[in-house]
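> Input: one structure, supplied below.
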Amino acid sequence: MTITAPGLDGRAIALAHYAARALLEGVLTRRGVTFHQNVTLRAVAVAGGALGRDGLVAYVTGSLKVDESVARATLGELTAARLLEQDPAQPSRVRLTDAGRELYESAAAETAGISARLYAGIPAEDLAVAGRVLELVTQRANAELAAA
């Protein structure tokens, strides 16, 4: 049964987000990692394997729209699990451990396959338009949050 009208609105975006996130959560649950932990590990991995602690907390807070305490707790969980560690050369930075890198890479590989199936057959120009629309919606929502 379909209860939505065709078109793009907040509900359609939310439904797509939650459907895709449910698939991601399945991948993460099998690895014993939460969504917040995965976002944090990804940020460090994309930064080249090490990132300043304060910058990482700011990124997680801004991306997930969570309190700083939640981002710091997530960082603590990853450190306690030995997926992240303090960078001995720069104590203000954290870096991926070998286990953290392996976990991130295996989850990323599995989710890449899922993403390929989800986006298969969608014309590149449609994806480009959707990307621009979602970026604009994100910018506007962030501006609303900043003004609140």
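Rule-based calculations on the coordinates, nothing more; no lab input. Given the structure is predicted, the values throughout are model-derived calculations rather than measurements. Glycine also receives a Cβ, built like all others from the backbone with ideal geometry; neighbour counts cover every protein chain displayed.
> Could you work out the relative contact order of the stretch 1-71? I mean the mean sequence separation of Cα pairs under 8 Å and 6+ apart, divided by the number of residues, in percent.
Reported as a whole number, the value is 18 percent.
> Tell me, what ³J(HN,Hα) does each residue in the stretch 15-21 have, in order and in whole Hz, if you take phi through Karplus 6.51 cos²θ - 1.76 cosθ + 1.60 with θ = phi - 60° and put x for Gly and Pro?
For the stretch 15-21, the Karplus curve yields 4, 5, 4, 5, 5, 5, 5 Hz.
> Just from the alpha-carbon atoms, what are the Rg and Dmax of the stretch 67-119 in angstroms?
14.1, 42
> Amide H of LEU84 versus every other amide H placed in the peptide plane: which residues, excluding those fewer than 5 positions away on the same chain, fall under 5 Å?
Hits under the 5 Å cutoff: THR79, THR97.
> In nm, to one decimal, how far is the modelled label at GLN139 from the one at ILE122, with both set 7 Å along Cα→Cβ?
A separation of 2.0 nm, rounded to one decimal place.
> Give me the percent relative contact order of the chain, please, defined on Cα pairs under 8 angstrom at least 6 residues apart. Display every interim value, and only then the final one.
Values: 101 pairs, mean separation 30.1, N = 148.
So the answer I get is 20 percent.
> Per DSSP H run of n ≥ 4, the term is -39500 (n - 2.57); total these for the chain, divide by its residue number, and report the mean residue ellipticity at 222 nm rounded to 500 deg cm²/dmol.
Result for the chain, helices only: -24000 deg cm²/dmol.
> How far apart, in nm, are the 7 Å Cα→Cβ label points at LEU23 and ARG42?
If labels sit at LEU23 and ARG42, their model points lie 1.3 nm apart.
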